[in-house]
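Chemist: Handing you a structure now.
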Amino acid sequence: MLALTGYLFLALVLAALAAPLPVAVAATALYALLCAAGGLASPGALILLALFTLVLGVLSCPALRRRHLSARVLAWFRKVAPRLSDTEREALEAGTVWWDRELFSGRPDWKVLLSAPDPQLREDERSFLEGPVEELCGMLSEWDIQRRGDLPEEVWQFLKDEGFFGLAIEKRYGGLEFSAAGNSAVVTRIASANLTAAVTVMVPNSLGPGELLRDYGTEAQRAHYLPRLARGEEIPCFALTNPYAGSDAASIPDTGVVCYGEWQGERVLGLRLNWDKRYITLAPVATLIGLAFRARDPDRLLGGEEDLGITCALVPADLPGVWIGNRHFPVGAVFMNGPTRGRDVFIPLEQVIGGREGIGQGWKMLMQSLAAGRAISLPALGTAGTQYAAKYTGQYARIRRQFGMPVAFFEGVEEVLARLAAEAYRVDAARRLTLAGIELGERPSVLSAILKYHATEANRRSVVDAMDVHGGKGIITGPNNYLAQFYQTLPIAITVEGANILTRSLIVFGQGVIRNHPYLQQEIAAAGAPPSEESLRAFDRAFFGHIGFFLSNLTRTLLLGLTGARLVRAPVVGRTAHYYRQLTRMSAAFAAVADTLLVTLGGRFKFKEKLSGRMADVLIHLYLASAVLKRYEDEGRPREDHPLVHWAVRDSLVQIQEGLLGVLRNLPIPGLGALLRWVIFPWGRAYRHPSDRLGRYAARILYTPGPARDRLLAALYRPKGNDPRAVLDRAFAAVLATAAVEKRVKQATRSELNPANARELTAEAVATGAITAEEAEALLEAWQLVGEVIRVDDFPPGERWIPSGGGEQ
């Protein structure tokens, strides 16, 4: 037993180190010889050690194992491996992998993360942000825009004149050629002022004709259209969604049939288009439609297949047969959105993005563009929303009183404020980390899906929290309600560019595991290839690499669990070093559980969306916690941010833990979940929710001016004048500035101030010398500003407000 126990320890070490098979054979043989020479093992134990050595020796011989084992496994794998359609394969191959691959590895290389440059704005981007963007934000009145049902004409003209529609277009075509970070900063700032304007700006600069032309268009197409788009002479939209193909966009029934037709007085080869699209942003005002459709060539005029695949083309909106102009009104918003249809619309092949060679390449173009584009626009809205909710809820809670004290001091409200502050920090950290990947040249398809999902979900939770704290102030419609638009429009970002339910349950882990696993894609490729010696060799290498990968992560998970990951080397020193160790531990556990699911479910895994969703939660929070730690390092490890960093990472660790436990409770093989739970958490649950004390420190950041608060809310527009948010800013500053004065008034009068007695009590305090006349005036002004903030709107009888462009009756 002693000899076998020693060998078990040796095997664990070899597995944890991912030792190659020849090394394992040599180590086992040497151990058996030492046991025999020293008389440390019984004959039975020596026979077992000899058998282990023999088995490992056979497995280390590629020719033998291919013939007797790998061929049989490959035959089985061909039956259970997930079947991938062409569109699924193109989606999986779209974009690149980056930090997500490290998290899937079970051994994340933290140097990869920490060496990525923190994206900084260029001087021209910063000047644009502080110049035209600030001016634009000052032109935007939410109440006025809602009543008009559109942006004012002068705002539309300003957007065109200042180049807002050409943020992503190269300078040689007349655009601003902003970086991803610059684009994101502009959209975030505008979104914090008005969502209608933000959506109007972000759509032409994300997935649409401009981006597709930039990346895939012919030089003639770029030279003609990009300058016109940059100047706002063409207003683009991109039409993808069909009434019968929403999230399943690859099945669009819209068609383009190859045929001859007339174009500008000449008979040319082209496409006759028929489409029915809806939910298309900017469609009602678009002059140029980017159209996705399935191309067909029934007469073989191009000499190939009949079904040519999904294709993207540019369709001028004034062509005969194009129907456009009607509007949808997305809930709570008035940005331009509507349907478009086309009947027998003819375009030449030159209008296909990429020209004739672009026919059938549309799905690949869309997936590649979405891989990066999804990381910019919607996360910018989420960043704006979480910071906006945190800022104004913190300020309102500090100036609003109930039972004689600010509601911010109530523990129930304090709990919400802590969540708001930490979530705002975490979302912006993830946005910045993803932008860093894009700046490095990556197109992070899985990470962009993670960011889109979490930023929009975090925004939803944060705005709901903000509404809870504001109470009645948040639910009364009118020009003084600065929360209503964010609350009413929440479902929009949740739905577009991949509905969040499907993003979580199908894309984040479902595509992520195939794309990031070091061996799975190779195994699938070998299984899908025609039977041959070459495909068997490829499968053999991948399969045995996969076994070693799984055993290594499983063993390391147990050892890291038993030791609390204390022996893991962290890339930093200090209080956050513990988090790097724990994330390494959870990465190993995540990788081990992922392989367990693949083995136990096989091809059925595609349909186990609940398990996939829970694994997505784990991956999401591995990424979020990584982002928080990187942001902390990039900003110079400011001590003032400690509550935000600790709250955010501890919360993510709890979410990772609960996600894994949820998977283990639902494994298809009885008892397997309990066994793996012991392997991952041998001493029970390892992580706890952030403490109340930590939450108190995090909450205070929102109502205590200082560098931590400034950094947290840096992306927001700071309104001026009589904007209700500017009034709240002034009231917050005034209340803080007069807090000591108010305390002296209370002490002098032995009474609590309220709106009814404030003037009387301050006069009494002045008379006793407790405060000066100037201090009394400042205190009364603060109370007046508070009264303006907490006031809500009312309307005369017979007048009612119909939101979303319905107008006033």
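Chemist: Please indicate, with yes or no, whether at least one residue in the stretch 470-485 is basic (Lys, Arg) and more than 28 Å from ALA418 (Cβ to Cβ).
Modeler: No, the conditions are met nowhere in the stretch 470-485.
Chemist: Oh, and also: Would you pick out the residues in the stretch 519-553 that are over 36 Å from the mean Cα position of the chain (by Cα) and polar (S, T, N, Q)? Spell out how you get there, then give the answer.
Modeler: Let us first name the residues in the stretch 519-553 that are over 36 Å from the mean Cα position of the chain (by Cα), namely 530-537, 540.
Within the stretch 519-553, SER532, SER535 meet the criteria.
Chemist: Go through the stretch 105-119 residue by residue and tally those that are farther than 25 Å from HIS546 by Cβ, of a type outside the set (A, V, I, L, M, F, W, C) and at pLDDT 95 or above.
Modeler: 2
Chemist: A follow-up question, please. Can you find a residue in the stretch 627-638 that is in contact with a Ser or Thr (Cβ under 8 Å, 6 or more places away or on another chain), among the β-branched types (Val, Ile, Thr) and in contact (Cβ under 8 Å) with a residue 12 or more places away in the chain?
Modeler: Taking every residue of the stretch 627-638 in turn, at least one turns out to be in contact with a Ser or Thr (Cβ under 8 Å, 6 or more places away or on another chain), among the β-branched types (Val, Ile, Thr) and in contact (Cβ under 8 Å) with a residue 12 or more places away in the chain.
Chemist: Out of all the residues in the stretch 152-162, is one or more of a type outside the set (Val, Ile, Thr) and within 19 Å of SER448 (Cβ to Cβ)?
Modeler: No: the stretch 152-162 contains no residue that is of a type outside the set (Val, Ile, Thr) and within 19 Å of SER448 (Cβ to Cβ).
Chemist: Got a sec? Which of VAL416, VAL446, VAL463, VAL427 is under 14 Å from the mean Cα position of the chain (by Cα), at pLDDT 95 or above and β-branched (Val, Ile, Thr)?
Modeler: Of VAL416, VAL446, VAL463, VAL427, the one residue that is under 14 Å from the mean Cα position of the chain (by Cα), at pLDDT 95 or above and β-branched (Val, Ile, Thr) is VAL427.
Chemist: Across the stretch 509-532, what is the total count of residues that are buried (at least 17 other Cβ atoms within 10 Å of the Cβ) and assigned to a loop (DSSP other than H, G, I, E, B)?
Modeler: Counting residues in the stretch 509-532 that are buried (at least 17 other Cβ atoms within 10 Å of the Cβ) and assigned to a loop (DSSP other than H, G, I, E, B) gives 3.
Chemist: Have a look at GLY561, GLY574 and point out the one that is touching a residue at least 60 places away in the same chain (Cβ under 8 Å), open to solvent by 40 Å² or more (accessible area, probe 1.4 Å), farther than 30 Å from TYR396 by Cβ and small (Gly, Ala, Ser).
Modeler: GLY574
Chemist: If I ask for residues that are in contact with a Leu (Cβ under 9 Å, 6 or more places away or on another chain), open to solvent by 10 Å² or more (accessible area, probe 1.4 Å) and under 18 Å from VAL322 (Cα atoms), which ones from the stretch 236-258 would you list?
Modeler: Of everything in the stretch 236-258, those that are in contact with a Leu (Cβ under 9 Å, 6 or more places away or on another chain), open to solvent by 10 Å² or more (accessible area, probe 1.4 Å) and under 18 Å from VAL322 (Cα atoms) turn out to be PHE238, LEU240, THR255, VAL257.
Chemist: Among (1) open to solvent by less than 60 Å² (accessible area, probe 1.4 Å); (2) in contact (Cβ under 8 Å) with a residue 60 or more places away in the chain, which single condition is ARG147 missing?
Modeler: Of everything listed in (1) open to solvent by less than 60 Å² (accessible area, probe 1.4 Å); (2) in contact (Cβ under 8 Å) with a residue 60 or more places away in the chain, ARG147 misses just condition (1).
Chemist: In this structure, is THR434 of a type outside the set (A, V, I, L, M, F, W, C), in a helix (DSSP H, G or I) and within 22 Å of ALA616 (Cα to Cα)?
Modeler: Yes; evaluated as a whole, the condition is true for this residue.
Chemist: With ARG677, ARG604, ARG637 as the choices, which residue is at positive phi and among the charged types (D, E, K, R)?
Modeler: After ruling out the rest, the residue left standing is ARG637.
Chemist: Check the stretch 586-609 and report whether any residue there is modelled with pLDDT of 90 or more, in a helix (DSSP H, G or I), open to solvent by 40 Å² or more (accessible area, probe 1.4 Å) and over 26 Å from PRO682 (Cβ atoms).
Modeler: Among the residues of the stretch 586-609, at least one is modelled with pLDDT of 90 or more, in a helix (DSSP H, G or I), open to solvent by 40 Å² or more (accessible area, probe 1.4 Å) and over 26 Å from PRO682 (Cβ atoms), which makes the answer yes.
Chemist: Is one or more of the residues making up the stretch 718-739 touching a helix residue (DSSP H, G or I) at 6+ places or on another chain (Cβ under 6 Å), at pLDDT below 95 and either more than 21 Å from ARG400 (Cα to Cα) or not β-branched (Val, Ile, Thr) (or both)?
Modeler: There is at least one residue in the stretch 718-739 that is touching a helix residue (DSSP H, G or I) at 6+ places or on another chain (Cβ under 6 Å), at pLDDT below 95 and either more than 21 Å from ARG400 (Cα to Cα) or not β-branched (Val, Ile, Thr) (or both).
Chemist: Moving on to the next point. Only one residue in LEU506, LEU483 is open to solvent by 10 Å² or more (accessible area, probe 1.4 Å), aliphatic (A, V, I, L, M) and either farther than 30 Å from VAL593 by Cα or at pLDDT below 90 (or both), so which one is that?
Modeler: Going through LEU506, LEU483 in turn, just one is open to solvent by 10 Å² or more (accessible area, probe 1.4 Å), aliphatic (A, V, I, L, M) and either farther than 30 Å from VAL593 by Cα or at pLDDT below 90 (or both): LEU506.
Chemist: Do you know which residues across the stretch 741-774 are open to solvent by 40 Å² or more (accessible area, probe 1.4 Å) and either touching a residue at least 60 places away in the same chain (Cβ under 8 Å) or under 29 Å from ASN480 (Cβ atoms) (or both)?
Modeler: GLU752, ASN754, PRO755, ALA756, ARG759, GLU760 - these are the residues of the stretch 741-774 that are open to solvent by 40 Å² or more (accessible area, probe 1.4 Å) and either touching a residue at least 60 places away in the same chain (Cβ under 8 Å) or under 29 Å from ASN480 (Cβ atoms) (or both).
Chemist: Is the stretch 654-664 home to any residue that is touching a residue at least 60 places away in the same chain (Cβ under 8 Å) and under 22 Å from ARG432 (Cα atoms)?
Modeler: Within the stretch 654-664, one or more residues are touching a residue at least 60 places away in the same chain (Cβ under 8 Å) and under 22 Å from ARG432 (Cα atoms).
Chemist: Suppose the filter is at pLDDT 95 or above, part of a helix (DSSP H, G or I), open to solvent by less than 10 Å² (accessible area, probe 1.4 Å) and of a type in the set (Lys, Arg); does ARG631 pass it?
Modeler: In short, yes.
Chemist: Given the residues ARG300, ARG272, ARG327, which is the only one that is over 30 Å from LEU151 (Cα atoms) and touching a strand residue (DSSP E or B) at 6+ places or on another chain (Cβ under 6 Å)?
Modeler: After ruling out the rest, the residue left standing is ARG272.
Chemist: Please find, among GLU142, GLU154, GLU123, the residue that is surrounded by 15 or more Cβ atoms within 10 Å (Cβ to Cβ) and not hydrophobic (A, V, I, L, M, F, W, C).
Modeler: Every option except GLU142 fails the conditions.
Chemist: Taking the conditions exactly as written (aliphatic (A, V, I, L, M), within 28 Å of the chain's Cα centre (by Cα), buried (at least 24 other Cβ atoms within 10 Å of the Cβ) and closer than 20 Å to THR281 by Cα), does ALA421 satisfy them or not?
Modeler: no
Chemist: Regarding the stretch 551-558, can at least one residue be identified that is farther than 28 Å from LYS452 by Cα, in contact with a Leu (Cβ under 8 Å, 6 or more places away or on another chain) and open to solvent by less than 10 Å² (accessible area, probe 1.4 Å)? Give the steps one after another, and end with the answer.
Modeler: We begin by selecting, within the stretch 551-558, every residue farther than 28 Å from LYS452 by Cα; these are 551-558.
The next check asks that each one be in contact with a Leu (Cβ under 8 Å, 6 or more places away or on another chain); those that pass are 552, 555, 558.
Then drop every residue that is not open to solvent by less than 10 Å² (accessible area, probe 1.4 Å), which leaves 552.
Yes, that holds for at least one residue.
This table checks each residue for (1) open to solvent by less than 20 Å² (accessible area, probe 1.4 Å); (2) over 14 Å from ALA380 (Cβ atoms); (3) touching a strand residue (DSSP E or B) at 6+ places or on another chain (Cβ under 6 Å).
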| site | (1), (2), (3) |
| --- | --- |
| ALA191 | yes, no, no |
| GLY208 | yes, yes, yes |
| ALA230 | yes, yes, no |
| GLU233 | no, yes, no |
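The values are calculated or read from the model by the stated rules, or taken from the named source; none is laboratory data. Source: prediction; values computed, not measured. No Cβ is skipped: glycine too gets one built from the backbone with ideal geometry, and neighbour counts run over all protein chains shown. With ligands, DNA and RNA removed, areas are computed over all heavy atoms of the protein, side chains included. Shrake-Rupley method; radii C 1.70, N 1.55, O 1.52, S 1.80 Å.
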